[in-house]
C-alpha cells in the first residue's frame, strides 16, 4: 500500500540563555534511550507502526543569549500530527525523564501538549507569510516514497518465503526456467498476497521505464528544456518576485505622477526589470558575503570523532544516522539564499531530474532533513543513510556537490564557494572535515528496520510488486528473470539477457568442445502419424530432443556434449510458419525478413554476395542443421546416434560436415621465423589436422595457418569480459539476438506469430510475447502491463553458414611468387628484403592485416609479436584514425581492415566507429575437415546476426567483395574472397609505403564457396512451439 | 575574642613542649558544657579514632534539631547508620557491576576501575567547563576559579555520581544570600542561571546546614538553625522528587543504584528515609566540600605559601598530569595538598566520664579536634610547611585513619580534585596576585585567567 511519509520535528527550547547551559545531562539522559534504541523504546516506537526513524538531540545554544533546544525528529507514515499523538501515547513515559529535565514536566499527560506546542512543519519556500507560517525553513527528503513501515515489514516477510521456495525448487528440478520458478512462488504465496491490504500492484515511485525523465536528464544534463521546466515549476519564487517588482514599479509610477489604467499597464515591464535587478542585487550581495566568509579548515577533535564513531556502524545495523549543527551566516542575503537552495533542490526533484527517492544519483538515503531551529541561526541536518559516513559523504562530494554546497555554504566557515552552487563541497577533504566538525554524536536513534538497506527495501517492494503482477511475469521470461534477479542485487543490469532461452553457441565458440560436426537434415516426406500436423514426425523428433534436454541453452555448456539446432526458411515453412515466410503476396505483418525467406541460394542473394551459380548444398533442400560439439572423440560418438534417431523418424541427412579446432603452433612459427625455415610457409598441401585439446583456451588456427577469431564483438550482457564496456568492440545484444535493443536502442524486427494455429496443433501462446516497449530496467516497473504479440524470434538469431574450401597450396604458392618478385626489387617497404621466408610472411600478414600469431600490424609492423592469440585479443582496442590513418601498417585492402574497418572509412567522423559496429558479425566458424578428419579443407564459416542484410550481406558485399573499398581500385579481399562471378584477372593488392605503394597484381583467390545457407537459431520457447502437440508440457513446468 | 581566635590560641599552647593533650577553652563554653581543644597530631588522631570515649552524637542532635529523621554517616554508629552503610555498599556494588574493569574483591569505593570511571567523568566535565572559559582568553576577562570551576565542577560531578539535580525552585533565603554576596563582593555578579545557577543553588542549600552542624561546638540557636532547616529541607525534597522519578537520574548514578537495590532491604521499613540521608550527605560532601577544598588547594598553591612550600600551581598541575604517576602517589599528592591547606576542625562529645590522657572528662564535654593544626604538627610531618607527599604519611584531613568513620568518599573526592587540577594544564592559570576571597566562611573568589591557545 502506498503511504505518504511525513516529518515530525519537535524543537523544545530549554536553558536560561547563559554560557553555562550544559546539555550534557540531557544528552546523557537521551543516550539512555539508546543508539540504536534500547528494547523498551524500540518496542514503544514499533507499536506506533508508523515510525521509520526517530532521533533525539540536545542542541546547545548557538551563543550565550540564545536557548538550547531539545530536538525530537521522526520520519513517519501519514500525517505528522497523528504520528506525534502515537509517539506520545506509546513512548511518552520513556520521553518523560528527558522532558522533565528540559521543561520540568512530571506527568505523562503533559507530554503530548508539550510536544504539540513545539512541533513544526518544514517549508523550503523563499517567500512566506510572515507570522502566520510557523513552519521551519528547511527541506525534507524521503528515500523510499510510498513505502510504509507495515508495507516494508510485509514485503520482507513475503520475500523471505519466496527465497525459501526458490531455493527448494532449484534443488528439486534443474528444468525450471524463470517463468516456471516464478509461477511456483506466486502460487504458493497466493495466501500471503491475499492478506495484503491493497493487492493492487503498487506504482513504486522509484521504478522506471525507458522514458523516465531522470534517465533523459542523465543523458542530456542541463539543456534549455530542463531549465525552462525548472523555471515553470518555480512559480512560488518567480511570481512573488514579480509582484514585488510590480508594487515597486507602481510606487515609482505614482511618484512620477502616473495614474489610472496607464499606471497599472505601464508598470508591467518595469516590474520585470526591477525583479531582475533584485535577482542581480541578491547575486551581488551573495558574492560579497561569499568572499567575506573565512573557511574553517580545522581537524575535527579526536575525542569528538571518537564519540561520534562510537555511535555509528552498530553491529547488525545497516543504516546510520548523522546530525550536523552549523550556524548560518549573519548576512541578510542568506535568509534568501538558504531557502533558495532548498527550493532549487525541491524543484529538481519535482521536475524529475532525480529518480524518486534519490538525491542526484544517491540512493542510500532513507530520510533526511535540513531545518533551521526556531528563533536561531542554527542550521541542522539530520540524515538516516546506509553504509559508512565516509561513503555517504563521498557520494555527496562526487554526485551532489552543488546541492550540498548550495545549502551548507550559507553557514559559517564552509569551504569557499562561488555563486552559491559552485566549488565548496567539491573540495572533498575539507568538506568532510567541515562536516565532521559540525557533527555531534547521536544520543538516541531508532530505525524501524535496522537490518534493511534502502536497496533491500526497494528490492523487496519490487519483488512483491512482481508477485502482484503475476499474469505479466508468468508470460514473460525477461520479466520473470528480472524478478529473479531481484533476489540478488539492484540495480539489476538493465541489459540482462534471458540466458536460459538462448542457445549455447551464441555465447561462445565452445573451445572446450573441439570435436564438432554440422549436419544438415531434410524432413523428408510429410508424416502425420495421427496428428493434425503434416510433419508430426519432425515435431516428435524435436520433442524428443527437448525432453532429453539435448539442445543446450544458456551460457554454461554441458561438459561433454553440446547440441544446438537451427532451421532454414524452408524447414520453418514445413513446420507451419508458411504465412510468416510467404514468398508471394504483399508481405506479412511482421514476419521473417525477405533475405531469410528467399534463402542464400536465391539468385538475388547470390548476386549480392558474388556467389557461384552452383553449390554442393544449400538451404533450399536443407530444413534443419544440427550443430554438434563434443569434448573428445568418445563424446563425439553421440553425433551418429542423434542422426540415426532422426533417420528412424524419416529425417534424412543431407550433408554432414566434420569440423574441429586446431591450436596454433606458436613454437614452430617462432622457430621458423628465427631460422627462416621455408617449410612453414613454402608451397605445400594443407598440413595435417590435429584436434586441439579440450583444455586448451588458445585461439584456433584456420587452414591458411592464421590464428582465427581475434576480433570478435563484445556483447553487452554476455558473461565474462563481455560484460565490461569496450569502446571499440562493445555492442548491444540486439545486434545479434532478437528481442533485445541494438546499438541504436531499438529492437530489431522479429518474426511474430499473430494467428491461431490450432489446425496444426500448435499454440502460439507457448511463444514468448514480444518484448515490452521497454526492457526491464534497473528498477523494473512490473505494474506496467499490456498484451503483446507472440514473438517467434525472441532470443533467436539468424545464422549464416558457408562452407568455404581453401586451397592452401595455391595460397602459399602465390605468396612465394610474390615474395620472390619483391625480393628481386630493391624495395624499401619490405623490411625483410632478401629473406624469402620472412617476406612471404610479411605479404601474408599484409593481406590479412595480422601476423599468423594474431598480432596486429598496427603494433607490430615488421615482426610478429610471437605471442598467443589471447594476447592479440587483449591488444585489439586500437583505432585506425589514431594508429594508422594512412594504411602504412595495415593496408586499406587487408582482410581485417575490410571486415571491421573500425573508424578507418571516415576518420574525421566521430560516429564512424558506431557505424562500423552496426555491421558486426558474431562468428562461430571452424575449419572443416576431409572425411578422414586428417586434413583441414577449408572453413565452415558461421556467423550470427540480427539482420542478414545489414550485417552479413553488407559485410560480404560492401566491404569484403567490393573492389572499390576504401577508395581502392580492383581490390576485393585478397585473403578470404571466394572464387565467383565477380573475380577479375587484374585483381590487385596494394601495400602502401613511404615513397610509393607496392602493388601486387594479379592476386588470385584461393577460396571456393561449396555450400551454405541462412538458418534461424530459435530460442527455447520457439523450439517448444515448433515441437507443437508432441511436447510434454508438464515435465517442462509449463502447466 | 571569637571562636576561631580562641581555638588558635589554644592550638599554640598545645603545641608548646610539655603541653597537655587537651586544653580547656572556657571562652567557648556555653550552658555549662565544657569545651576542650586538641591540636597535636597524635592526640587529634586518637580523639577521632577512639569512639568508645568520644562520640559523634553531636552531629546527630544538630541534624535532628533542624531535619528530624535525617542523619549523616558522620554520626553515631547506630543501627540506622549500619543500614545506611549497607545501602551504600549494596548500591556501590550494583553500580560497580555495570562498570568495566572493576575488581569485585576490592572495597567498591576504592576500586581502581570505579575511580577510573570517576576520573573519566571528571575529565569530561572539567573539559566541558574549560571549553566555556577558554574564549575569555580573547577578552582577557578573568575567571572566578571558585565559582566557575571548583564549585561548578563539584556540582556537575555530584549530579552525575549521585543523580540528584538541583531543585528548580529554591527558598527565598538562597536568592537573598546570592544578592548579599553580589552586594558585598566585587567583580562580576553571580547569576542563578543554567548549570552555574544550579551549582550555586545546590551549594547555598547546604551552606547553612553545614554551618549549623559542623560549626557548632556546644549548641546552635537563633537564625542559623532556622535557616538551615529552611534551605536543607528543599534539598531533601529534591531528593524525594528524584526518588519519585528515578528514570531522570543517570543509569549509573547512586540514586539509580539505591532504587535498584531496594528489594534487598525488604526488612528496612524506612528505606527511602535512610537512602535519602545517604544521598543528602553525599550531595553536601561533593557539592560543598570538594568544591571548597579544590578552591583552597588552588588558592594555597597559587599563593606565596604554595611557592614557599615548594608546590606552586604549575608544578602541582605538572605533577598531577604525569601519565606514569602511580595512583597511590597521586593520592598522596592530593592528601599532602589537603594537609597543607587544611584549617578544619571536628567536634566530639565525651561519651562517659573518664580520665583521658591525664584530663578528667565529664560526659557531655566537647572536644574540638583541630585537624588543621594537627596536619601541621612537626612531630607527625617533619618540615610541615613543605610539600612532601608520601603515601606513608599519617594524613587525617579526610578523617580518622581507622574505625567506623573512615571517610567513605575520600577516593572519589581525591580523584575529582586531581583530575580537576590536571585538566587546567594549558587552559587556565592563576591570575597574578590571585587571592582567595571568602563568603560565609567558604571560598568565594579566586582569580584565574584563560591561556591563549
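What are the extents of the Cα atoms of chain A along their three principal axes, listed from largest to smallest and rounded to whole Å?
Principal extents (largest minus smallest coordinate, Cα): 104, 76, 68 Å.
Distance in nm between label sites at residue A:641 and residue A:327, each 7 Å beyond Cα in the beta-carbon direction?
8.6
Taking chain A as the reference, fit the longest principal axis to its C-alpha atoms, fit the long axis of helix A:235-255 to the helix C-alpha atoms, and give the angle between the two in degrees, 0 to 90, nearest 10.
50
Under 18 Å from a point 7 Å along the Cα-to-Cβ line of residue A:197: which residues of the range A:1-37 have their amide N that close?
Flagged as within label range: A:1-7.
Tell me, what is the FRET efficiency for residue A:307 and residue A:759 to the nearest 0.05, using R0 = 56 angstrom and their Cβ-Cβ distance as r?
Numbers: r = 80 Å, r/R0 = 1.42.
Once the sixth-power term is evaluated, E becomes 0.10.
Taking Cα pairs under 8 Å and at least six residues apart, what relative contact order does the range A:265-422 come out at, in percent? Could you put the intermediate results ahead of the total?
Working: 180 pairs, mean separation 51.3, N = 158.
Relative contact order of the range A:265-422: 32 percent.
Give me the angle, in degrees from 0 to 90, between the Cα long axis of helix A:666-675 and the longest principal axis of the Cα atoms of chain A, rounded to the nearest 10.
Taking the Cα atoms of chain A, the angle to A:666-675 is about 60 degrees.
Test of understanding: what is the full-extension gain from residue A:259 to residue A:865, defined as 0.36 nm times their sequence separation minus their Cα-Cα distance?
209.1 nm
So what's the range B:94-219 giving for Cα Rg divided by 2.2 N^0.38 Å, two decimals?
Working: Rg = 17.8 Å, N = 126, 2.2 N^0.38 = 13.8 Å.
Here the Cα radius of gyration is 1.29 times the empirical estimate.
Can you say what percent of the DSSP beta bridges in the protein assembly as shown, counting only those with both residues inside, are antiparallel? Round to 5.
Details: 135 of 149 bridges.
Once the DSSP bridges in the protein assembly as shown are tallied, antiparallel ones form about 90 percent.
Rounded if a/c is under 1.5, else prolate if a/b beats b/c, else oblate: with a ≥ b ≥ c from the C-alpha gyration tensor eigenvalues square-rooted, which is the range B:166-216?
Because a/c hits 1.5 or more and a/b fails to exceed b/c, the range B:166-216 counts as oblate.
What's the FRET efficiency of residue A:150 with residue A:107 using the Cβ-Cβ distance as r and R₀ = 35 Å, to the nearest 0.05?
0.65
Could you give the length gained on full extension between residue A:532 and residue A:914, defined as 0.36 nm per residue of separation minus the Cα-Cα distance, in nm?
So the chain would gain 132.7 nm between residue A:532 and residue A:914.
Once the Cβ-Cβ distance between residue B:140 and residue B:2 is put in as r, and R0 is 35 Å, what FRET efficiency do you end up with, to the nearest 0.05? All intermediate terms of the calculation are to be shown ahead of the outcome.
Working: r = 39 Å, r/R0 = 1.12.
E between residue B:140 and residue B:2, to the nearest 0.05, is 0.35.
What Kirkwood Rh does the range B:297-336 have if only Cα atoms enter the pairwise 1/r average? Answer in Å. List each step's numbers first, then the result.
Working: mean 1/r = 0.0972 Å⁻¹.
Taking the inverse mean of 1/r over all distinct Cα pairs, the range B:297-336 comes out at 10.3 Å.
Using Cα pairs closer than 8 Å and at least 6 residues apart in sequence, work out the relative contact order for chain A, in percent.
Here the relative contact order equals 12 percent.
Over chain B, what is the relative contact order in whole percent, taking alpha-carbon pairs under 8 Å and six or more residues apart?
25
Run through the DSSP bridge list for chain B and note the antiparallel percent, rounded to the nearest 5.
85
From the square roots a ≥ b ≥ c of the eigenvalues of the alpha-carbon gyration tensor of the range A:837-948, which class results: rounded (a/c under 1.5), prolate (a/b over b/c), or oblate?
Details: a/c = 2.19, a/b = 1.22, b/c = 1.79.
Since a/c reaches 1.5 but b/c is at least a/b, the shape of the range A:837-948 is classed as oblate.
With each pseudo-label sitting 7 Å past Cα toward Cβ, what's the residue B:110-residue A:674 distance in nm, one decimal?
Modelled inter-label distance: 8.7 nm.
Rounding to the nearest 10 and keeping the result within 0 to 90°, find how far the Cα-based axis of helix A:178-188 lies from the longest principal axis of chain A.
Taking the Cα atoms of chain A, the angle to A:178-188 is about 40 degrees.
Starting from the Cα gyration tensor of chain B, take the square roots of the eigenvalues, sort them a ≥ b ≥ c, and report rounded, prolate or oblate (rounded when a/c is under 1.5, otherwise prolate if a/b is larger than b/c, else oblate). Working shown, then result.
Details: a/c = 1.34, a/b = 1.11, b/c = 1.21.
Rounded.
If each residue of separation counts as 0.36 nm, what is the full-extension length gain between residue A:996 and residue A:877 once their alpha-carbon separation is subtracted?
Full extension from residue A:996 to residue A:877 adds 39.9 nm.
Give me the percent of Cα-Cα pairs in the range B:357-451 that sit more than 24 Å apart, rounded to a whole number.
Considering the range B:357-451, 48 percent of its Cα-Cα pairs are separated by more than 24 Å.
Using the basic label-point model (7 angstrom from Cα toward the beta carbon), what is the residue B:315 to residue B:451 distance in nanometres?
1.7
Values in this text are rule-based calculations from the coordinates and carry no lab data. Source: prediction; values computed, not measured. We place every Cβ from the backbone using ideal geometry, glycine too, and count neighbours over all the protein chains shown.
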